[in-house]
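Notes follow the structure.
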Amino acid sequence: MQFPILSIIVFTPIVTGLLILLIPAERKTEIRVAALAAGAFALLLSIWAYFSYDIAAGGYQFIEKYDWLPALGISYHVGMDGMNGPLVLLTGIVMFTGVLISWGIDDRPREFFAFLFILATGVFGVFVTLDLFMLFFFYEIAVFPMYLLISIWGWKVTREYAAMKLTLYLFIGSVVALVGALAMYVTAGTATGQWTFDMLVLEKAGFSTSFQTLWFPFVFFGFAVLGGIFPFHNWSPDGHVAAPTAVSMFHAGVLMKLGAFAALRVGIMLLPEGAKAHMWWIIVLTLVNVVYGAFIASVQTDFKYVIGFSSVSHMGLVSMGFATLNREGMLGAGLQMFSHGVMTALFFAVVGMVYDQAHTREIPKLGGFRKVMPLVPIAFIIGGLVSMGMPGFSGFIAEFPIFMGLWGYKPWIAIVAALSIVITASYIIRIIGNVFFGSLPEEFEGHVHDVTVLDKVALVCLSTVLVIVGVFPSIMVPMVESGVNYVLRLLGGA
Amino acid sequence: MSLDPTIFLPVLPEIMLLLLGLVVLVLDLVLPKEQRRNLGWVTAVGMGLVILFSWPARPVNGSTLVWGGMISHDWLSYTLTLLVIFGAGITALFAMDYEELGGRGEFYLLMIASTIGMAFMASAADLVMLYLAIESVSIPLYILAGFFVRDVKSTESGFKYLLFGALTSAVMLYGFSLLYGFSGTTAIISTSRAPGLGPTILNSIQNDQLTPIVLIGSLLLVLVGFGFKISAVPFHFWAPDVYEGAPTPVAGFLSTASKAAGFIVLIRFLIFVFPIGVTQWPVILSALAVATMTLGNLIALTQRNIKRLLAYSSIAHAGYMLIGVAALVVLPTIQEDAHAMWGITSVVYYLIAYLVTNLAAFGVVAAYGRVVGSDDVTAYYGMSRRAPGLALIMMVSFLSLAGMPPLAGFFGKFLVFLAAINAKLIGLAVIGVLNSIIGLYYYLTILKYVYLYRSEDEDKSIPLSRAYKLGLALLVVGIILIGTLISPWYNWASTAAGAMF
């Protein structure tokens, strides 16, 4: 038997989370060290898994399969391919840096890390699972701790409202998708006599076109709610803003990818004909996401809301790339999930650092932070350049193929979508100018300090990844491409 | 004529329960007043032993009819018998430290009597037996609900339960008499299992080719009685008032064991008495399910008393289980395969999960309310700081009620919806999943009070007796095991369901 690396990655966080609960609550340093160790361990394993994936061979690797409930065809079945490989790596990165950023949490850190790690297990699980039942199982495990993390440790002003709104939106999405998944299971079982939740089998079930056309919207939108698709994106900026820093990082960086990934994995890959029938209006909706999201971001005065809406805009690009159903678009979307995940984690980390010092996020009240925390603006500018899709950074290699794919579909859509880049540049530059440059307001004089060493480590990690992927795209592009090839085969070799 | 001792085997659990009742009765006489709370230990341990020694009574030979066709000895009745005995044992643990309840022997005796009735209810194979069983469940429960004679609310609760119960029971009896009148027999279960016995109601109905309207009429009358037992809308009005007034452990017992027994009777009746294929069946049951879960959930949203909230939530859960029942009546008409019994399997699995989960919820409310002296939701503000362990158990049980993995409720709901979709009741499944979101909202609201809100009493800790600790620990382990190791539980539920085919 081969080394069960994916299972270890999936269960390391939750096991650590439960062990942390056994440490006495007042020994906060031990709790943090344990959390950091688990984060580092999961990161190393995901890096290892990522680089030992054999791109030439392609397909699903590191497969593990154990029967769970054979009577219904439910099994614990995980595997890694070119699509979810980068996402596992992303989760490892965000988890590790999230622990670093959360070092300063002083109110019940034990419970905080326990919930955060339960969430991380759910996220890893959704990415690697190949069983439809397991996917829902992990999905709900990933979503629920969010409620507690936001409502207990979040921003006091809106946390109750935002946490409830987020949870209800996401659960409505997931149960609607669940109905679609059960319909697939029953239809495939009745037709073939093989009752199974195994997605590798369901892919070959050969659902009729009318069935696919009927159920695709249920499944796709059920999950795309978590991907922040218009008009169901409303929970996301509120949720981001109310969440504590590490949770915002997780939320925007990883959790929203969960939605987009599941919409791809279950929606597009299991119901390809349905995807073809519905793609045109999904592209229109995501176009609204991209342009409208960027526009709303540019008129916000709250630093965190700007980043929150920028996530809506960028995640729109991901869904849009998937909806083109062509090679370039999907390749770009796959890369954008990783690139945006790291970038937005970086952004939220910076927002958190500024807020911790200034205790306000109103952009007009801030200024001159370059003087007190010199490393932070550098990191933010790198993130900003990624966000604008500047060559040399990961954003370029992700967004450029998406626009190519859109051009291949309908040139005018690519042109309209490209407007978002201009708007993005406007709000990023405005933040850089107003928050980091200019003069430090008097009331902050002597009250704001530089960030801690751990914060710096986190920022350096995140920005390094963005630059490396931008300069050496070959460490990620071939892998995602192999994943896209698999999807394209399901779509009929388009 | 010699008596074959093996004929006692099918009723072994009931016999042991009777002996346990006698032991409690005698001990109640000899024990001094201050030691009588230990009767709770006697009952709980006794129930545990009954479960253990019931093993020889399992239906190894498949389903059989015994005692002259009065009792059906099959996996469904065996499963439910163990389930209600478990529920009663846990209730005894929760009750023993409850003031004015745990120190009185008659409480335990009444509960045991009611449990015997439930066991017979699950296995009744004849109208007369069924009616006797239902009454022997109900009458002790009327007394238990009104156990606190000095408390106006408790008295009201007992009296209300009695009035509603007597009325619906009379209507149901009228339905029974109609059925008897039409068919000339009281046998419910088909004769192929026990040759030599007379024809069943179903045989006679089919032979005489009665018009559907007559069948539907008597069906509706019978359904009134069952609807009352499982607190389905529109026969649910008693539940909130009775739960609110009754001693909390009794309310927990009412909402779990009594409801479980009602569901098993409903399933048995649907399969054996009313011929599958009456076209109105799925419509009636779907309407019942939709009304029950939607009304239960919507009214639960506005409740400010935790016991009333749990009452409406338990009404909503009856609605989810009715989805499985509706799937059960559709299926055999549209397909003939092993998956046709998913309807029953899902209900049985849901019952197991629900019984364990809801008992835990009521256990927390009993343990907390006993000290705090209030069941108002405001009393739960800041509970996580007063009693962190209790708050954690409350979170586990409420999340399980909401259907969150990896807890028991998730797979229960999953199976029910699967059964519905398999039966092509897609609209019903969609309404069901949307209802579960409403449920999530009010469960989360309570958890918000528990974890987020502050109160002035945060420094006053909540003492937990050993009985509560043991009972709650058992239930929490159960909730997690049923939610993660689903295979053995599913196979058990599936075996029980197979007994019906």
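The values are calculated or read from the model by the stated rules, or taken from the named source; none is laboratory data. This structure is a prediction, so every number in the text was calculated from the model and none was measured. Cβ coordinates were reconstructed from backbone atoms using ideal geometry, including for glycine residues, and neighbour counts include every protein chain displayed.
Observations
- Across segment A:289-311, a minimum of one residue is classified as assigned to a helix (DSSP H, G or I) and under 16 Å from residue A:258 (Cα atoms).
- Filter result (within 7 Å of another protein chain (Cβ to nearest Cβ) and farther than 12 Å from residue B:401 by Cβ) within segment B:437-451: B:437, B:441, B:448, B:451
- A single entry from B:92, B:88 fulfils the requirement of being outside any loop (DSSP other than H, G, I, E, B), closer than 12 Å to residue B:39 by Cα and in contact with a Ser or Thr (Cβ under 7 Å, 6 or more places away or on another chain): B:92.
- Qualifying residues in segment B:414-431 (those that are within 24 Å of the chain's Cα centre (by Cα) and more than 9 Å from chain A (Cβ to nearest Cβ)) - the one farthest from residue A:170 (Cα to Cα): B:419
- With respect to (1) more than 10 Å from every other protein chain (Cβ to nearest Cβ); (2) assigned to a helix (DSSP H, G or I), the lone exception for residue A:183 is condition (1).
- Residue A:322 vs. criteria surrounded by fewer than 24 Cβ atoms within 10 Å (Cβ to Cβ) and either out of contact with any Asp or Glu (no Cβ under 6 Å at 6 or more places or on another chain) or closer than 26 Å to residue B:437 by Cα (or both): no
- Residues (farther than 21 Å from residue B:43 by Cα and modelled with pLDDT under 90) located in segment B:459-482: B:459, B:460, B:461, B:462, B:463
- Residue within segment B:465-475 that is closer than 25 Å to residue B:297 by Cβ and more than 11 Å from chain A (Cβ to nearest Cβ) present: yes
- Residues (part of a helix (DSSP H, G or I) and touching a residue at least 60 places away in the same chain (Cβ under 8 Å)) located in segment B:483-501: B:483, B:484, B:486, B:489, B:490, B:492, B:493, B:494, B:495, B:496, B:497, B:498
- Filter result for residue B:480 (away from every other protein chain (no Cβ under 11 Å), touching a residue at least 40 places away in the same chain (Cβ under 8 Å) and either over 24 Å from residue A:179 (Cα atoms) or not charged (D, E, K, R) (or both)): yes
- Yes/no for residue A:298 being polar (S, T, N, Q), surrounded by fewer than 24 Cβ atoms within 10 Å (Cβ to Cβ) and in contact with a Ser or Thr (Cβ under 6 Å, 6 or more places away or on another chain): yes
Residue by residue, here is whether (1) under 30 Å from residue A:133 (Cβ atoms); (2) outside any helix (DSSP H, G or I); (3) more than 9 Å from every other protein chain (Cβ to nearest Cβ); (4) not acidic (Asp, Glu) holds:
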| position | (1), (2), (3), (4) |
| --- | --- |
| B:392 | yes, no, yes, yes |
| B:398 | yes, no, yes, yes |
| B:406 | yes, yes, no, yes |
| B:435 | yes, no, yes, yes |
| B:456 | no, yes, yes, no |
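- Test result for residue B:78, assigned to a helix (DSSP H, G or I), within 22 Å of residue B:134 (Cα to Cα) and over 15 Å from the mean Cα position of the chain (by Cα): no
- Residues being out of contact with any Lys or Arg (no Cβ under 9 Å at 6 or more places or on another chain) and within 13 Å of residue B:401 (Cα to Cα) - total across segment B:294-318: 8
- Helices (runs of 4 or more DSSP H) fully within segment B:246-345 counting 2 or more residues that are modelled with pLDDT under 90: B:259-272, B:280-300, B:306-334
Table: residues versus (1) over 23 Å from residue B:69 (Cα atoms); (2) among the polar types (S, T, N, Q); (3) surrounded by 19 or more Cβ atoms within 10 Å (Cβ to Cβ); (4) in contact with a Lys or Arg (Cβ under 7 Å, 6 or more places away or on another chain).
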| position | (1), (2), (3), (4) |
| --- | --- |
| B:140 | yes, no, yes, no |
| B:161 | yes, no, yes, no |
| B:168 | yes, yes, yes, no |
| B:179 | no, no, yes, no |
| B:182 | no, no, no, no |
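- Subset of segment A:210-234 that is of a type in the set (Val, Ile, Thr) and farther than 12 Å from residue A:278 by Cβ - its residue that is modelled with the highest pLDDT: A:225
- Qualifying positions in segment A:127-167 - more than 10 Å from chain B (Cβ to nearest Cβ), free of Cβ contacts under 8 Å to residues at least 60 places away in the same chain and either in a helix (DSSP H, G or I) or under 20 Å from residue A:233 (Cβ atoms) (or both): A:145
- Candidate set: segment B:362-376, residues that are over 17 Å from residue B:475 (Cβ atoms) and β-branched (Val, Ile, Thr); chosen: the one surrounded by the fewest Cβ atoms within 10 Å (Cβ to Cβ): B:371
- Test: residue A:284 is part of a helix (DSSP H, G or I) and closer than 13 Å to residue A:236 by Cα: no
- Within segment A:440-494, considering residues that are of a type in the set (Asp, Glu) and over 17 Å from residue A:324 (Cβ atoms), the one modelled with the highest pLDDT: A:455
- Counted residues, segment B:1-53 - those being exposed (fewer than 14 other Cβ atoms within 10 Å of the Cβ), in a loop (DSSP other than H, G, I, E, B) and either assigned by TED's automatic domain parsing to the domain that holds residue B:69 or within 28 Å of the chain's Cα centre (by Cα) (or both): 1
- Of all residues in segment A:411-446, those that are in contact (Cβ under 8 Å) with a residue 24 or more places away in the chain, more than 24 Å from the chain's Cα centre (by Cα) and over 21 Å from residue A:380 (Cβ atoms) total 2.
- All positions within segment A:53-78 that are among the small types (Gly, Ala, Ser) and within 23 Å of the chain's Cα centre (by Cα): A:59
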